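The structure appears below as structure tokens.
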Amino acid sequence: MINPVATPQQTTSVATAETDQSRSWRWLHIVFWSIAIVLGALHAWHGRYEISPDGISYLDMGDAYWRGDFQMAINGYWSPLYSWLLGLALLVIKPS
């Protein structure tokens, strides 16, 4: 028959087993997060000088918004929020 009340010894052994298992999962999470961060940093470093044609269009739109040229800035293809953020960044940083 199953005893509905666990003794302290039974509770301790179950808690210890769960703690050991959670430690191994925690270690595995740390390993995979570390790999993801390193690979992401390498990918960012490798592509630091690359820009796509869409990126150029977003930069042009952002510049046009902050310049007040809404005829060039507004179109039906690209989303305005990203270009607003890029335009703000260009306004603040003022790159060459």
How do LEU91, LEU28, LEU85 stack up against each other in accessible area, from largest to smallest, with a 1.4 angstrom probe? LEU85, LEU91, LEU28
What's the extension gain from LEU28 to MET72 if we count 0.36 nm per residue and subtract their Cα-Cα distance? 10.8 nm
With each label point set 7 Å from Cα along the Cα-Cβ vector, what nm distance links VAL92 and ILE35? 3.6
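The values are calculated or read from the model by the stated rules, or taken from the named source; none is laboratory data. Since this is a predicted model, take the numbers as computed values, not measurements. Methodologically, a virtual Cβ is constructed for each residue, glycine included, from the backbone with ideal geometry; neighbour enumeration extends over all protein chains shown. Areas reflect the complete protein model, heavy atoms only, side chains present, ligands, DNA and RNA absent. Shrake-Rupley method; radii C 1.70, N 1.55, O 1.52, S 1.80 Å.
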